[in-house]
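The values are calculated or read from the model by the stated rules, or taken from the named source; none is laboratory data. Bear in mind the structure is a predicted one, so any value in this text is a computation, not a measurement. For neighbour counting, all protein chains shown are included, and Cβ atoms are generated from backbone atoms with ideal geometry for every residue, glycine included. These area figures cover heavy atoms from the full protein model, side chains too; ligands, DNA and RNA do not enter into them. Shrake-Rupley method; radii C 1.70, N 1.55, O 1.52, S 1.80 Å.
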Amino acid sequence: MMPQSESHPITSATACAGPSLALTKYWGKAKHGINKPATPSLGLTLTPLQSHATVSLAADGHEVTVNGVVQPLDRFAPFLKAAAKLFDRPVYFKALCTNSFPTSAGLASSSSGFAALALAMSQLAGRDLSHTNLSVLARIGSGSAARAVWGGFVEWPAGAAHARPLYDESYWPELRVIVCLVHPGCKAVSSRNAMTQARDTSPYYDAWVKESACMHHGALTALASQDLEQLGDIARHSYLRMFGTMLAMSPPLVYWVPASVQLIHLAQGLRKQGIGVWETMDAGPQVKLLCAAQDVDAILCRLNEALPELTPLVAQVGAGPCLIPSTTV
Ligand code: PMV
């Protein structure tokens with residue numbers, strides 16, 4: 001860490017970040033530490049989906065808004081406390097966050113939001129934090145944010161305080177993710193509550209954790225050889241087993257809506273016809289389709305036939321968070 005400059009002139013800082021989509025899932029917290037994962041995960045940072053965070057210091061109390069809505073502070077308290085330690089005096093933050101895509105809907109907006117916040121706050125403090133330290137800080141806000149401080153493909157080992165980059169955004173240029181927003185509202189149960197409940201009540205949880213290490217190892221091997229079929233297959237196992245823990249917990253949790261299930265079958269049908277497309281989902285009903293660029297048109301055509309009301313977004317692997325100079329904000 002660089003020392004904080006005494007004549008540091010910055011009064012506000014803005015950063016942006018893309019969300020981290022998990023191919024193998026972080027689902028379950030280890031018993032000790034804030035957001036330490038029970039399972040390893042492999043994420044890729046998506047573009048053009050983006051979160052922006054502008055932070056400045058406030059006189060008497062923290063204030064966080066997301067898309068103009070003031071947020072309850074309990075959700076942000078541990079992160080704000082950790083970020084305040086970047087300063088050499090007690091501080092309060094005013095943080096204005098916006099997302100270019102639906103918030104708290106199962107599209108990993110918390111990963112990009114906290115990654116952008118961590119970078120903006122370190123800039124405001126006049127600190128030049130390493131990516132690893134940014135990952136530690138962002139993780140305190142939201143586990144998946146530990147991955148979103150890097151672009152490209154990022155691994156977060158089980159039990160680790162931070163993630164680590166594997167390959168940058170130029171590694172697999174043909175890879176695409178078609179994001180299907182099948183249900184626009186916020187999810188009723190947050191991922192943090194759901195994963196704690198899964199750990200505490202699901203009879204399948206221990207098996208999930210045990211299997212995760214194996215799936216993750218397979219995903220790393222598939223990624224190393226850019227084997228999309230293998231990677232897609234493992235990504236399916238990972239999300240379906242994750243949802244298995246939720247279906248079995250008390251009370252059971254079903255995030256899917258009919259269109260989520262329709263898309264699972266649609267992808268299966270396309271694979272049978274030789275079109276490589278593998279779905280994944282996170283804590284919510286939205287479906288993300290993993291495929292190669294050459295198949296995007298055929299998949300979009302099929303999506304349009306099956307779900308004409310859907311507006312799919314074609315995303316790809318993007319760069320990590322960046323600071324936005326205040327003159328251009
Ligand atoms: O970062 P959180 O607390 O929102 O949890 C994210 C959990 C999943 O999105 C379901 C999986 C993942 O690894 O991102």
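Side notes on the structure shown:
- Strands (runs of 3 or more DSSP E) within segment 240-329 that include 1 or more residues touching a Cys at 6+ places or on another chain (Cβ under 9 Å) and over 20 Å from Ser104 (Cβ atoms): 277-280, 287-292, 322-324
- Taking the listed residues Glu169, Glu174, the one that is open to solvent by 60 Å² or more (accessible area, probe 1.4 Å), in contact with a strand residue (DSSP E or B) (Cβ under 9 Å, 6 or more places away or on another chain) and over 20 Å from Ile234 (Cβ atoms) is Glu169, with no other qualifying.
- In segment 105-138, residue surrounded by the most Cβ atoms within 10 Å (Cβ to Cβ) [restricted to those that are within 11 Å of the chain's Cα centre (by Cα) and not in a helix (DSSP H, G or I)]: Ala108
- Yes/no for Asp88 being within 16 Å of the ligand (Cβ to nearest atom) and out of contact with any Asp or Glu (no Cβ under 6 Å at 6 or more places or on another chain): no
- Pairs with Cβ under 9 Å, 6+ apart, first in segment 194-212 and of a type in the set (Val, Ile, Thr), second open to solvent by 60 Å² or more (accessible area, probe 1.4 Å) and assigned to a loop (DSSP other than H, G, I, E, B): Thr201/Ser250; Thr201/Pro251
- Matching residues in segment 148-192 - criterion: being among the hydroxyl-bearing types (Ser, Thr, Tyr) and under 18 Å from Ala219 (Cβ atoms): Tyr167, Tyr171
- Filtered residue count, segment 183-227, keeping only those that are open to solvent by 30 Å² or more (accessible area, probe 1.4 Å), more than 13 Å from the ligand (Cβ to nearest atom) and touching a Ser or Thr at 6+ places or on another chain (Cβ under 7 Å): 3
- Each residue in segment 142-164 was checked for being in contact (Cβ under 8 Å) with a residue 40 or more places away in the chain and surrounded by fewer than 23 Cβ atoms within 10 Å (Cβ to Cβ), and 7 of them qualify.
- Residue match in segment 245-259 (condition: more than 14 Å from the ligand (Cβ to nearest atom), out of contact with any His (no Cβ under 8 Å at 6 or more places or on another chain) and closer than 22 Å to Leu303 by Cα): yes
- Single unsatisfied condition, Asp60 versus (1) part of a helix (DSSP H, G or I); (2) free of Cβ contacts under 8 Å to residues at least 60 places away in the same chain: (1)
- Qualifying residue in segment 272-280 (condition: in contact with a Lys or Arg (Cβ under 6 Å, 6 or more places away or on another chain), away from the ligand (no atom under 16 Å from the Cβ) and either open to solvent by less than 10 Å² (accessible area, probe 1.4 Å) or at pLDDT below 95 (or both)): no
- Any hit, segment 38-48, residues being of a type outside the set (S, T, N, Q) and away from the ligand (no atom under 14 Å from the Cβ): yes
- Residues in segment 26-53 that are outside any strand (DSSP E or B), open to solvent by 10 Å² or more (accessible area, probe 1.4 Å) and β-branched (Val, Ile, Thr): Ile34 alone.
- The residues listed here are His62, His32, His52; of these, the one that is more than 13 Å from the ligand (Cβ to nearest atom) and under 30 Å from His217 (Cα atoms) is His32.
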